[in-house]
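Below you will find the structure I want to go over with you.
The values are calculated or read from the model by the stated rules, or taken from the named source; none is laboratory data. Predicted, not measured: the structure shown is a model, and the values here were computed from it. Cβ placement follows ideal geometry from the backbone for every residue including glycine, while neighbour counts extend to all protein chains displayed.
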Amino acid sequence: MLRRALLAVSHSAAIRKGITSAPVTRDVVERYVAGDRTEDALAVAARLVGAGLSVTVDHLGEDTLDRAQADAVVGAYAALLAGLTDAGLAKDCEVSVKLTALGLALGADGRAIALENALRICAAAREAGTTVTIDMEDHTTTDVTLEVVAELRRDFADTGAVVQAYLVRTEADCRDLAAAGSRVRLCKGAYNEPSSVAFTDRHEVDRSYVRCLRVLIEGAGKPLIATHDPTLIDIATALLARARRAPDSYEFQMLYGIRPAEQQRLANAGHPMRVYLPYGTDWYGYLVRRLAERPANLTFFARSLVSR
Ligand code: FDA
């Protein structure tokens with residue numbers, strides 16, 4: 001209930017102003033975000049890689065309103081990829097990209113603009129010796145995002161896709177995507193979706209996640225298992241063992257700042273563990289989704305607002 005309510009009101013300008021201007025917000029942001037600058041992302045990435053983890057770096061932003069802004073996002077990824085190369089981190093660090101940040105919502109030309117910009121980032125990633133994963137956004141963008149990923153994969157076969165277990169369609173999408181050479185990140189899904197397209201009961205979402213896991217783990221591609229849920233991690237570990245999956249044929253993935261001890265435990269146990277590391281100034285949408293995921297975060301946030 002709380003999750004839906006927060007995601008629903010998060011588009012209000014007043015709520016945005018309230019959250020972004022609250023002094024306590026900075027503390028909460030720092031838990032989930034590397035910092036404002038490329039150098040901040042590089043410093044945190046170096047620390048994570050030093051601890052035996054790999055990283056996917058996300059330049060925050062999803063409300064690109066014109067071509068110049070989309071170009072600036074491409075420029076930010078180019079600078080990030082150059083920075084990763086210079087720091088000797090590109091082998092262990094890839095990038096995650098949102099198509100809306102690249103111009104997907106820019107009217108009739110949006111799809112073509114986003115594709116062209118994604119191709120530029122894929123080329124820069126290849127130059128750096130690393131890969132790109134295209135994040136998944138709300139369900140109105142699922143078809144176009146999967147189409148763009150398929151087009152990117154013609155030239156850049158290692159481009160990763162993301163699917164969301166809360167969508168009813170996703171088990172079928174997993175069957176389509178689980179082919180040799182694919183990289184598919186399976187997450188629960190973080191947006192406010194209607195019951196016409198999504199499971200709304202969390203147990204149903206978990207059951208869907210397990211069905212999708214089976215398809216991906218028994219398939220020929222590389223499953224990227226993105227969850228912090230202890231039960232799902234146990235199930236995934238058992239399914240990986242049963243399928244005799246070698247460590248280079250899958251990854252666990254978690255968000256920066258969430259269950260870091262578990263991230264380290266999985267890495268120490270020999271599982272490839274990749275951390276999703278966001279950075280940049282446009283953190284509002286990302287922060288709201290993290291607050292909405294966990295009622296305890298919201299309570300903590302609300303209490304801090306009142307007690308200041
Ligand atoms: P669940 O929400 O049930 O959480 C399980 C446990 O994890 C909780 O009990 C708690 O201990 C901990 N936890 C989870 N969230 C927390 C939080 N915010 N703060 C503190 N503790 C928390 N979504 C999407 O729609 N599109 C995308 O492209 C991506 N990409 C992506 C990449 C990666 C690497 C990850 C890990 C996740 C995503 N997501 C995403 C987000 C995903 O859809 C989902 O919202 C979150 O991962 C939370 O779901 P869990 O599977 O962790 O389960």
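Here is a check on your reading of the model: is residue 162 touching a Lys or Arg at 6+ places or on another chain (Cβ under 6 Å), part of a strand (DSSP E or B) and in the same structural domain as residue 122 (by TED's automatic domain parsing)? Lay out the reasoning, then the answer.
Values: touching a Lys or Arg at 6+ places or on another chain (Cβ under 6 Å): yes; part of a strand (DSSP E or B): yes; in the same structural domain as residue 122 (by TED's automatic domain parsing): yes.
Judged against the criteria, residue 162 is a match.
Looking at (1) surrounded by 13 or more Cβ atoms within 10 Å (Cβ to Cβ); (2) under 19 Å from the mean Cα position of the chain (by Cα); (3) assigned to a helix (DSSP H, G or I), can you tell me which one residue 31 breaks?
(1)
Which residues, counting only those in segment 20-37, are of a type in the set (A, V, I, L, M, F, W, C) and more than 16 Å from the ligand (Cβ to nearest atom)? Talk me through it step by step, then tell me what you get.
Let us first name the residues in segment 20-37 that are of a type in the set (A, V, I, L, M, F, W, C), namely 22, 24, 28-29, 33-34.
Correct list: 22 only.
If we keep just the residues of segment 273-293 that are crowded, with 20+ Cβ neighbours inside 10 Å and in a loop (DSSP other than H, G, I, E, B), which is farthest from the ligand (Cβ to nearest atom)?
280
A further question on this structure: Suppose we filter segment 1-28 for residues that are in a loop (DSSP other than H, G, I, E, B), among the aliphatic types (A, V, I, L, M) and touching a helix residue (DSSP H, G or I) at 6+ places or on another chain (Cβ under 6 Å); how many remain?
Looking only at segment 1-28, we keep the residues that are in a loop (DSSP other than H, G, I, E, B), and these are 1, 10-12, 22-24.
With the extra rule that they be among the aliphatic types (A, V, I, L, M), the set shrinks to 1, 22, 24.
With touching a helix residue (DSSP H, G or I) at 6+ places or on another chain (Cβ under 6 Å) added as a condition, the list becomes 22, 24.
Result for segment 1-28: 2.
Would you mind telling me which numbered condition in (1) part of a helix (DSSP H, G or I); (2) in the same structural domain as residue 102 (by TED's automatic domain parsing) residue 56 fails?
(1)
Right, next: So for segment 181-202 (the condition being out of contact with any strand residue (DSSP E or B) (no Cβ under 9 Å at 6 or more places or on another chain), assigned by TED's automatic domain parsing to the domain that holds residue 98 and farther than 22 Å from residue 145 by Cβ), does at least one residue qualify?
Checking segment 181-202: at least one residue is out of contact with any strand residue (DSSP E or B) (no Cβ under 9 Å at 6 or more places or on another chain), assigned by TED's automatic domain parsing to the domain that holds residue 98 and farther than 22 Å from residue 145 by Cβ.
Has segment 2-12 got any residue that is more than 23 Å from residue 103 (Cβ to Cβ), buried (at least 18 other Cβ atoms within 10 Å of the Cβ), of a type outside the set (Lys, Arg) and within 16 Å of the ligand (Cβ to nearest atom)?
Here is the first cut: in segment 2-12, the ones more than 23 Å from residue 103 (Cβ to Cβ) are 2-9, 12.
With buried (at least 18 other Cβ atoms within 10 Å of the Cβ) added as a condition, the list becomes 6-7.
Add one more test, that the residue is of a type outside the set (Lys, Arg), and what stays is 6-7.
Still in the list and also within 16 Å of the ligand (Cβ to nearest atom): 6-7.
Yes - at least one qualifying residue is present in segment 2-12.
Here is a check on your reading of the model: is residue 144 crowded, with 21+ Cβ neighbours inside 10 Å and in contact (Cβ under 8 Å) with a residue 12 or more places away in the chain?
Details: crowded, with 21+ Cβ neighbours inside 10 Å: no; in contact (Cβ under 8 Å) with a residue 12 or more places away in the chain: yes.
Judged against the criteria, residue 144 is not a match.
State all residues of segment 126-159 that are part of a helix (DSSP H, G or I), among the acidic types (Asp, Glu) and out of contact with any Leu (no Cβ under 8 Å at 6 or more places or on another chain); if no residue qualifies, say none. Spell out the reasoning first.
First, pick out the residues of segment 126-159 that are part of a helix (DSSP H, G or I): 126-128, 139-155.
Among the residues that remain, those that are also among the acidic types (Asp, Glu) are: 127, 143, 147, 151, 155.
143, 147 - these are the residues of segment 126-159 that are part of a helix (DSSP H, G or I), among the acidic types (Asp, Glu) and out of contact with any Leu (no Cβ under 8 Å at 6 or more places or on another chain).
When residues of segment 257-272 are filtered for being buried (at least 20 other Cβ atoms within 10 Å of the Cβ) and of a type in the set (Asp, Glu), how many remain?
Qualifying residue count for the region: 0.
Oh, and also: Provide a single number: the residues in segment 186-232 that are of a type in the set (Ser, Thr, Tyr) and buried (at least 19 other Cβ atoms within 10 Å of the Cβ). Before you say what the answer is, go through the steps one by one.
Initial filter on segment 186-232 (of a type in the set (Ser, Thr, Tyr)): 191, 195-196, 200, 208-209, 227, 231.
If we keep only those that are buried (at least 19 other Cβ atoms within 10 Å of the Cβ) too, we end up with 208-209, 227.
Going through segment 186-232 one residue at a time, the tally reaches 3.
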